[in-house]
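In what follows, a single structure is set out as structure tokens and then discussed.
The values are calculated or read from the model by the stated rules, or taken from the named source; none is laboratory data. Keep in mind that what you see is a predicted model, and the values were worked out from it rather than measured. As a convention, Cβ positions derive from the backbone with ideal geometry for all residues, glycine included, and neighbour counts pool all protein chains shown.
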Amino acid sequence: HRHLGLELEVLEPGKVKVWARYKPELEQGMGMLHGGVFACVLDSATYYAALSHYGLVDKLPLTQEYKINLLSTARQEDIYALAQLLRAGRTVAVAEAKLYTATGKLVAAGMASFLIPPERSAQGPDT
């Protein structure tokens with residue numbers, strides 16, 4: 001997270017905003033932000049959306065799967081993800097995220113699911 005310069009803002013439990021600050025070393029060969037940066041921000045933002053709901057304890061949620069659709073490119077500007085939890089169950093959580101450039105252009109969207117360890121599920125509702 002430090003290498004990407006990720007910054008987390010918890011908007012409410014289950015909803016977060018995560019910024020990735022532009023650095024030239026995050027570009028791919030044609031001068032655009034690398035798709036792997038988008039994937040990392042999406043994975044991190046959806047994870048933090050789940051974590052902000054379940055809270056911190058010994059065992060953390062584990063990413064089970066994520067999918068990303070790359071919709072556009074970003075050049076030499078910060079990006080951010082808005083992520084929200086769609087389901088917070090006893091054993092599985094699902095979140096979605098949309099990634100935007102600092103100027104507001106939608107560049108990617110995706111979803112992620114997380115395995116919730118048994119010790120954590122007692123804290124979260126089974127919805």
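Assorted remarks:
- Screening segment 1-103 for strands (runs of 3 or more DSSP E) wholly inside it with 1 or more residues that are farther than 19 Å from Ile116 by Cα and either touching a Cys at 6+ places or on another chain (Cβ under 8 Å) or at pLDDT below 95 (or both) returns the ranges 6-12, 15-20, 79-88.
- Screening the candidates Leu33, Leu26 for the property of being crowded, with 19+ Cβ neighbours inside 10 Å, touching an Asp or Glu at 6+ places or on another chain (Cβ under 8 Å) and within 15 Å of Gly5 (Cβ to Cβ) yields one hit, Leu33.
- Segment 1-45, residues that are basic (Lys, Arg) and over 24 Å from Ala93 (Cβ atoms): Arg2, Arg21, Lys23
- Filter result (under 17 Å from Leu4 (Cα atoms) and out of contact with any strand residue (DSSP E or B) (no Cβ under 7 Å at 6 or more places or on another chain)) within segment 36-72: Gly36, Cys40
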